[in-house]
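A short reminder: the numbers here are calculations on the coordinates, not readings from a lab. This one's a predicted model, so the numbers in the text were calculated from it and none came from an experiment. Neighbour counts run over all protein chains shown; Cβ positions are idealised from the backbone, glycine included.
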Amino acid sequence: MSRRPRRRAAVLTLIFGLSTILAACSTGGASPSAPSAAPSDPPASASAPASPSPAPSPTPAAAFPVTITDDEGTAVEIAAEPQRIVSLTPATTEILFKLGAGPRVVATTDFDDYPPEAVALPDVASYTAVDVEKIVGLETDLVIAGGNFFNDPAAIAQLRELGVPVVVTYAPDIATVLKDIELVGTAVGLGAEARDLTAAMRADFDQVQAATADLPKPRVFYELDATTDIYTAADDSFVAEMIELAGGEPITTGSTTDFSISIEKLVAADPEVIVLGDSVYGVTPEAVSDRPGWDVMTAVKNGDIRGVNDLVVTRPGPRLVEGLRELALAIHPEVTVPSPVPVAP
């Protein structure tokens, strides 16, 4: 498969994965047959978006063994500081490397793309499967997995039955992203480093919000994909929260259960800014302007169509602050965004 179709498959997996996992979250872990996108926290007001409030941090452990409770409510006992870690999501891979645990990561997935050191590691999972036998064969002493059907629950259960500790993370909102960074830090013995990182991230979020607070809030359409149907932020979704924090008014689908929007509804919403999350897959402002029926939108008339790297805007990891800055500049090109807050050494 060529690189571009594989990336397109990644976009669609993100869209349908978001709707599936958020359904499980909002229905108490029910079958994923009815997609949803309801976060666990109430949405921030578009006119005055709330900065992500500090979530309760895991209790720091002075020494191992330690027992932590993951995002699915499972108590996971970790007997000793993990030395052979497997990451089953790109976000947790980024977290582990950012905290300094990268040298202890022995395998990831075939869709991990950052940092470069992680790409060359053995692959033990794909979008559709987890290789339990390979993980066990690597003498893994900790697995960090994605919850609510991101990774196969049966594979997670099998690993646990075989004695491999598995910590499951799932972040439907920014507050939980920060909580999960601290959760992962505690699990690998880097709790202090994780708390330093989240403190810097909170300060970065506050800086971006302050920089856009007094600016107009344009109607923003964030394009996840438009290959066939048009996909954008669902009501109360992670993407909508990011747009609000970046100083925009998100155009959403009108549903917490669907990430697709009709062209008629989009035209009626009349976006003032179009942000192309799919620009990382080759979609250009010129291509959007040439689409039939799109020329009536204010954003198209004024040329306010700008690309961002969706991988940092929607991936729940340490580069989320980079994504928020990029999103703020796409919505408000005139804004001056302060430099990132340094992480304590």
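The GluC sites (Glu not before Pro) of the range 300-345 that meet both conditions, a loop assignment by DSSP and at most 12 other Cβ atoms within 10 Å of the site Cβ, are Glu334. Under conditions of 4 °C and 1.567 mPa s, the range 143-271 yields 75 µm² s⁻¹ as its translational diffusion coefficient, taking Rh as the Kirkwood radius over Cα pairs in the Stokes-Einstein equation. Sorting 212-220, 193-201 by their mean Cβ neighbour count within 10 Å, with the most densely packed peptide first, gives 193-201, 212-220. Here's the picture: charge each Lys and Arg Cβ at +1 and each Asp and Glu Cβ at -1 in the range 66-207, and of Ala120, Thr186, Thr92 the one pushed furthest to the positive end of that dipole is Thr186. Rounded to the nearest 0.05, what FRET efficiency do Asp290 and Val335 give with R0 = 30 Å and r taken as the Cβ-Cβ distance? Could you check? The value I calculate is 0.55.
Packing here is the average count of other Cβ atoms within 10 Å per residue, and on that basis the peptides 100-111, 66-77, highest first, run 100-111, 66-77. Take 151-158, 289-296 and order them by the average number of nearby Cβ atoms within 10 Å per residue, most first; the result is 151-158, 289-296.
For the residue pairs Lys134/Lys179; Lys179/Lys217; Lys98/Lys265, the alpha carbons lie more than 32 Å apart in Lys98/Lys265.
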